[in-house]
Amino acid sequence: MPRVLDRHAIGQILRTKGADAWGIAANDPRLPLAPDHPSAVSILMRIDPLVVRGLTHGPTADYRREYERLNLALDDAAGTLVEVLAAHGHEAEGVPATAEAPDGERPFPHKTAATSAGLGWIGKTALFVSPSFGPAVRLATVFTDLVLPPGEPVVESGCGSCRACVEACPAGCGRDVLWRPGTPREELFDAAACGRHMAALATDICGVCIAACPYARRH
Ligand code: B12
């Protein structure tokens with residue numbers, strides 16, 4: 001247990017728990033759907049590049065295992081951070097990697113914390129894109145009343161004229177629109193068509209858009 005809970009100590013805890021990157025977003029003014037704590041810690045874990053390579057034509061058994069491994073690891077990292085914050089007398093609340101919010105409400109979108117923390121931008125099929133790992137990452141978020149120095153929010157897309165994910169999506173979900181904070185998801189991406197495509201394949205994972213991104217292929 002660290003004696004002083006500062007940015008450095010939080011980074012050490014998260015790295016020990018397997019985070020590949022992390023950042024702090026200011027939650028004041030409050031981000032859409034966020035709980036009322038001033039700081040959000042965005043936690044990023046990358047998907048194994050070998051697994052991503054296998055995703056070109058659709059979901060694989062390896063991706064299913066990796067998806068479940070990362071969800072558990074992210075929830076474990078977030079849970080540990082919540083416990084350490086509480087032990088230091090702070091309020092803290094983790095948003096699970098993937099579960100819908102209880103009582104059917106919409107969950108806080110992890111991508112909002114990730115861009116606001118300066119970790120990357122939103123791509124043309126509405127995935128969060130890290131300049132280091134592309135969209136081949138999964139995310140979790142911890143909100144806390146511990147005030148931490150926030151990162152510089154990313155406010156521009158880095159996708160430029162690239163259309164790789166738009167062309168690769170088997171359900172034609174992308175609209176080839178460049179994101180800015182506040183762009184409604186519907187302007188970027190047809191989430192219902194994405195859901196229908198996965199349902200038709202009797203699954204809840206896909207990942208073709210992840211594998212198509214040049215930022216993911218580079219690594
Ligand atoms: C529900 C859900 C779905 C639904 C559709 C989305 C929906 N109906 O809203 C379905 C089932 C279709 C789906 C599909 C997929 N999903 Co999904 N899904 C979720 C879940 C559980 C909630 C998302 C949600 O409610 N979004 C609401 C909308 C409004 O927000 P959003 O699109 O997530 O993000 C918007 C905001 O963040 C906003 N924004 C970004 N920055 C900022 C900054 C400011 C200041 C503001 C105001 C707004 C803002 O822009 C984004 C795009 O419009 C999240 C987990 C979570 N809690 O975030 C995972 C999540 C979004 N899914 C994820 C993934 C990977 C997938 C799939 C690839 C399936 C798979 N695992 O193989 C596909 C691809 C989807 C795609 N191309 O975007 C990842 C995305 C990782 C990444 N790199 O972006 C998440 C974050 C899970 C995780 N823990 O990593 N998903």
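Each value in this text was obtained by applying a stated rule to the coordinates, not by laboratory testing. Since we're looking at a predicted model, the values are computed, not measured. Counting neighbours? That spans all protein chains shown, and the Cβs are built from the backbone with ideal geometry, glycine included.
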Exercise. Note down the magnitude of the dipole of region 1-50 about its Cα centre, charges +1 on Lys and Arg C-beta and -1 on Asp and Glu C-beta and zero elsewhere, to the nearest 20 debye.
Key: 160
Exercise. Kindly provide the helix-only [θ] at 222 nm of the chain, computed as the sum of -39,500 (n - 2.57) over DSSP H runs of four or more divided by all residues, to the nearest 500 deg cm²/dmol?
Key: -9500 deg cm²/dmol
Quiz item: If we count every other residue with Cβ under 12 angstrom of ALA216's Cβ, Lys/Arg +1 and Asp/Glu -1, where does the sum land?
Solution: +3
Quiz item: For SER130, which sequence-distant residues (separation of 5 or more, or a different chain) have an amide H within less than 5 Å of its own amide H, given hydrogens modelled in the peptide plane?
Solution: ALA136
Practice problem: Using only alpha carbon pairs under 8 Å that are at least six residues apart, calculate the relative contact order of the chain and give it in whole percent. | Solution: 25
Exercise. Could I have the simple spin-label model distance between ILE205 and LEU178, label points 7 Å from Cα toward Cβ, reported in nm to one decimal?
Key: 3.4
Self-check item: Positive-end residue of PRO214, MET1, SER116, charge dipole of the chain with Cβ unit charges
Solution: PRO214
Quiz item: With each pseudo-label sitting 7 Å past Cα toward Cβ, what's the LEU33-ALA191 distance in nm, one decimal?
Solution: 0.5
Self-check item: In range of the label at GLU167: residues from region 174-213 whose backbone nitrogen is under 18 Å from the point 7 Å along Cα→Cβ
Solution: 174-178, 208-213
Quiz item: Which value, in debye to the nearest 20, gives the size of the charge dipole of region 46-204 about its Cα centre, when Lys and Arg are +1 and Asp and Glu are -1 at the Cβ?
Solution: 680
Quiz item: Against the longest alpha carbon principal axis of the chain, how many degrees, from 0 to 90 and to the nearest 10, is the axis of helix 191-200 turned?
Solution: 70
Quiz item: Taking other Cβ within 10 Å of each residue's Cβ, how do GLU83, GLU93 sort, fewest first?
Solution: GLU83, GLU93
Quiz item: To the nearest 10 degrees, how steep is helix 61-87 against the longest Cα principal axis of the chain, on a 0 to 90 scale?
Solution: 20
Practice problem: Starting from the Cα-Cα distance between ALA61 and GLU83, subtract it from 0.36 nm times their residue separation and give me the gain in nm to one decimal. | Solution: 4.6 nm
Quiz item: In whole Å, what is the distance between the alpha-carbon centres of region 1-56 and region 105-144?
Solution: 10
Quiz item: Relative to the first principal axis of the alpha-carbon coordinates of the chain, what is the inclination of helix 7-16, with its axis defined by its Cα atoms, in degrees from 0 to 90 and to the nearest 10?
Solution: 60
Quiz item: Picking from PRO29, PRO59, PRO38, which is most flexible by a Gaussian network model of the chain using Cα springs under 10 Å?
Solution: PRO29
